[in-house]
Amino acid sequence: MEFKASLDNLSKLITSIIFIIPIVVGVILFNSYQIINADFFFSYGSIVLFFILLLTVCYMFRTQKYVVNNNELIIKRPVKERKIQISDIQEIRLINPGEMFGTIRTFGVGGLFGYYGLFYNRTFGSMTLYTTQRKNRVIIKTKSNSKIVISPDDLSLVDFVKSKLTIA
């Protein structure tokens, strides 16, 4: 069964702004190339290329959707999808809004195409986020003590996975 993962408004805004920056800088550089020296042009051109590379990498690792089949929960991404065996899940539940207070990003993305990567807070410790919004957060604790946070549009994913856990 597939569960959608839509971006929230903040993520859409951040993504739009980050897209606009290299376009604006690129247009300014293109228009001012005749006026400024080549060193200036190439140094700012490298900034534009950096933003394009950043956008590409973030786009490739964004969360697209979640798929639950008989044996596993799959976090679909264009590159390197994450598979969690249903039998490895120790607990799955909704996260209360206060439990995410004070979360810091240790190596992740906070808004560009979603919120994903490595994060930390006092409640859960280290965790990996594969979320697209700041609501509907679900934590999955595995038997190997890893903590994964997802954010499906449809929260029936929790009950669906729990039903698979009782069968397994």
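Key figures
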item	result
Only listed residue being in a loop (DSSP other than H, G, I, E, B) and either under 17 Å from ALA5 (Cα atoms) or not acidic (Asp, Glu) (or both), chosen from THR123, THR106	THR123
Qualifying residue in the range 137-156 (condition: buried (at least 19 other Cβ atoms within 10 Å of the Cβ), under 25 Å from MET60 (Cβ atoms), more than 13 Å from the chain's Cα centre (by Cα) and at pLDDT below 95)	no
Those residues of the range 125-136 which are in contact with a helix residue (DSSP H, G or I) (Cβ under 8 Å, 6 or more places away or on another chain) and either buried (at least 23 other Cβ atoms within 10 Å of the Cβ) or β-branched (Val, Ile, Thr) (or both), in sequence order	THR132
Residue match in the range 57-69 (condition: crowded, with 16+ Cβ neighbours inside 10 Å, in a helix (DSSP H, G or I), hydrophobic (A, V, I, L, M, F, W, C) and within 16 Å of the chain's Cα centre (by Cα))	yes
Residue count, the range 44-75 (criterion: closer than 26 Å to SER144 by Cβ, in contact with a strand residue (DSSP E or B) (Cβ under 9 Å, 6 or more places away or on another chain) and touching a residue at least 40 places away in the same chain (Cβ under 8 Å))	10
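The values are calculated or read from the model by the stated rules, or taken from the named source; none is laboratory data. Worth saying up front: this structure is predicted, and the values here are computed from it rather than measured. Glycine also receives a Cβ, built like all others from the backbone with ideal geometry; neighbour counts cover every protein chain displayed.
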